[in-house]
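What follows is calculated from the coordinates using simple rules that are stated; it is not laboratory data. Everything quoted here is computed from the prediction, not taken from an experiment. Backbone-built Cβ (ideal geometry, glycine too); neighbour counts: all protein chains shown.
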Amino acid sequence: MRYENNTSNFAKVAFLLFIAAFFIITFLILHKASHPQNPTFSEVAYSNLLSESIDEDADNGEVLFTSELIPESLPVAHASSLDALPDGKLIAFWFAGSREGATDVKIWQSVYDGKKWGSVTDVVSPNQTANDTKRFTKKVGNPVVYRSINGILHLFIVSVGIGGWSGSGLNHYMSHDNGKTWGRGERLILSPILNISTLARTSAVTLSDGGFYLPVYHEFIRKYPEMLRFDRDGNFMSQTRLNSYTGLLQPSILPLSNLKAYAYLRTHRKYDNHLYYEVTKDGGITWSEPKPTNLSNENSSIVVAQVDKNKYLMVHNPSKRDKLSLAISNDGVKWTEVYSLEDTIGNEFSYPSIQVHGDIVDIIYTWKRKNIKHVRFNKAWLNQKAGELNNDE
Amino acid sequence: MMNNNLITTVTSGLLISILITIFVSIMFGLRANNSDLVVKQAKMGFLRFIITIVAFLIVLFVPVYKSLTLTELLRGIIGDLSITTLLILLLVLRNNLFNHQISVGEFEPLVMRYNKVPNRAFAFIIVVLGCFLYSSYLGYIRFDIYDIGYFPSPLFMLVLGIIELFLWFSARRYALLWLIAVLCFYFKCESSHNLWDYLFDPVLWLICLIRLFRF
């Protein structure tokens, strides 16, 4: 009798094992068939020389430099993000309200038609995010906009249900008409711990398959940088951690070729104020150890872009946030400060966002925490400033 | 493709409604002790089942704050629960109706007393895996274990090995749960694209931790 029971149990286990093995092997075959290709950076991302200038007046070698505040009346404005639209237009997003983290803070949007900024409209509020994602949402912040190759405008915003910014989740909105209307927001599932603490700040990088990398960072307990990969339709695919060291966050990605890119990192460390960078040589799958650049960074967001062949531009706070500067580099490692956009003690000029299109460079940033400021210049102006610096030396 | 939000909403709703049932059972003494008559046990079990279903419908459909239901409020705080948690909660529900020895009306933690929901071997494996996964995710382990869940070919081998462990420890039910979870991952039944999120979650990990050390 006992023997029969054992035989029966053995048969059951063997059957279950067979089912499990069959299931898993079938699954592996199916999964292998649908496995995505290794990523490579799009030529668009590392060679803006391909793009046409959006300001033809400035293409004649004349120096261009303009600056203006985006008109807006709320007490606090911060964390702006910029991207280019067709016909030379720009679109900007930022959060504004009574104070950072308040429940009345919304995400605001404005379009630049090449001459002036249009009316400011609210796009996303905590209530709307709550209704879209079917999750309690207390506050929203840090919008990041990106226009993909197929013309879809992606808007990523962080939202918090409980706690501070380190408890944030990331939400994804898409527009198929350049920001006139927006689809229903979707909460991205990015963390095994209560799906919290994935924040975005810097803009995405285009991949050759039409998808993109969105640089993000983790804040809960430890701060480290990550990248999210999306396909050309805006579907989230995977995430990659750039390093596990604490205190390095908000990566700004600078593609140099189809496989090589630098990531520059904000430093949030008590006894270290170097600006760090790391390198990938396989399209962002693996990254090197972080190394310090010759610039310093005291817990401030930075952005980097290519302005010419072997010429890179960084917007950063060299010390405190009361000074915002431009630095250029020929190799992406050694940087030279060429111009101070802002330098007023006691004020804050921070969180820059950059767009380079042909000959024109557009930068927007937080101005005194009250407004978003837009600065436009051309490469002739930048070359002039770099030349002045060389002459001084 | 089914609605990605549906399953996670149902899971959160079940969790809250079972917690409510426990609370109501404690408050009104709806307990069916082992010494009770079989008939009484059956009545109590059925009553708790009804309470759970009513609570489930309320937390799923009745707005309580800014047009959000209790389930949606919970999802804003604890995120999405795994398929395994959903299946275990369904087991709890089923046990409440048909197996009166297993009671959610006890002052024991949600899942369950001596009688194996979750199984101790299962709880042990979840706790160990969770320790590695969560440490890695927080950056204390340099290798990102969570990342494997996006391209889970190696993880399948691990899952297969663990399923065999479940069978070894006579926890066939949990082997089946994980097979269903893997199947749900393939059909993207939840919003997540990561296999780990289908296998377990922090709530289940906590339940397993309590199960492991409390009983």
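What to note about this one:
- Restraint check, A:LYS281/A:LYS379; A:LYS291/A:LYS320; A:LYS115/A:LYS309, Cα-Cα greater than 24 Å: A:LYS281/A:LYS379; A:LYS115/A:LYS309
- Length gained when the stretch B:ARG120-B:ILE50 is fully extended (0.36 nm per residue, less Cα-Cα span): 22.4 nm
- A simple count of charges around B:VAL128, restricted to other residues whose Cβ falls under 14 Å of its Cβ and scoring Lys, Arg +1 and Asp, Glu -1, yields +2.
- Taking a point 7 Å from the Cα of A:TYR271 along the Cα-to-Cβ direction, the residues of region A:228-261 with backbone N closer than 18 Å to it are A:245-248.
- Spin-label pair A:ASN310/A:ILE221, simplified geometry with 7 Å Cα→Cβ offset, distance in nm: 4.7 nm
- D_trans [Stokes-Einstein, Kirkwood Rh over alpha-carbon pairs] for region A:48-178, 4 °C, 1.567 mPa s, µm² s⁻¹: 80 µm²/s
- Close amide H contacts of A:GLY211 (hydrogens built in the peptide plane, cut-off under 5 Å, sequence separation of 5 or more or a different chain): A:ARG232.
- Region A:346-382 and region A:154-197 have Cα centres spaced 25 Å apart.
- Unsatisfied cross-links (Cα-Cα over 28 Å) in the set A:LYS270/A:LYS311; A:LYS180/A:LYS370; A:LYS116/A:LYS370: A:LYS270/A:LYS311
- R0 of 30 Å, Cβ-Cβ distance A:GLU289-A:ASN38: FRET efficiency to nearest 0.05: 0.85
- Alpha-carbon centroids, region A:208-264 and region B:149-195: separation in whole Å: 28 Å
- Peptide B:135-147 has a mean of 5 when you count, residue by residue, the C-beta atoms of other protein chains within 10 Å of its C-beta.
- Electrostatic bookkeeping for A:ASN347 treats Lys and Arg as +1 and Asp and Glu as -1; over the other residues with beta carbon under 13 Å from its beta carbon, the sum is +3.
- B:TRP168 versus A:ASP343: modelled label distance in nm, points set 7 Å from Cα along the beta carbon direction: 6.8 nm
- The residue among A:ILE157, A:GLN384, A:PRO126 whose Cα reaches farthest toward the positive pole of the charge dipole of chain A, with charges on the beta-carbon of Lys, Arg, Asp and Glu, is A:PRO126.
- Scanning the protein assembly as shown for cysteines with no neighbouring cysteine C-beta under 4.7 angstrom from their C-beta gives B:CYS131, B:CYS208.
- Listed peptides A:314-325, A:209-220 appear in the order A:209-220, A:314-325 once ranked by packing, highest mean of other Cβ atoms within 10 Å at the front.
- Net lengthening on full extension, A:LYS281/A:ASP331 (0.36 nm per residue, minus Cα-Cα): 16.5 nm
- Residues A:ILE149 and A:GLU298, FRET efficiency given R0 of 51 Å [Cβ-Cβ distance, rounded to 0.05]: 0.90
- Remark: spin-label model distance A:ASN127-B:LYS43 equals 4.9 nm, labels positioned 7 Å along the Cα→Cβ axis.
- Measuring r between the beta carbons of B:PHE143 and A:ASP322 and using R0 = 51 Å, the FRET efficiency lands at 0.80.
- Remark: the protein assembly as shown carries a charge dipole of roughly 2880 debye about the Cα centre, counting +1 on each Lys and Arg Cβ and -1 on each Asp and Glu Cβ.
- For residues of A:211-220, the mean tally of beta carbons on other chains within 10 Å: 1
- The eigenvalues of the Cα gyration tensor, multiplied by 5 and square-rooted, give the protein assembly as shown an equivalent ellipsoid with semi-axes of 52, 26, 20 Å from largest to smallest.
- Rounded to the nearest 20, the Cβ-based charge dipole of region A:75-203 about its Cα centre (Lys and Arg +1, Asp and Glu -1) stands at 160 debye.
- Eligible lysines near B:LYS188 by straight Cα distance, threshold 19 Å, same-chain separation 8 or greater: A:LYS32, A:LYS134
- Average partner coverage of A:191-203, which counts Cβ from other chains inside 10 Å: 5
- Exposure proxy ranking for B:PHE49, A:PHE230, B:PHE185, based on other Cβ atoms within 10 angstrom of each Cβ and starting from the fewest, stands as B:PHE49, A:PHE230, B:PHE185.
- Positive end of the dipole of the protein assembly as shown (Cβ unit charges, origin at the Cα centre): among B:VAL128, B:ILE53, A:SER203, the Cα lying farthest that way belongs to B:ILE53.
- Percent of C-alpha pairs per 5 Å bin, region A:58-112, short to long: 4, 16, 21, 20, 15, 11, 7, 4, 2, 1
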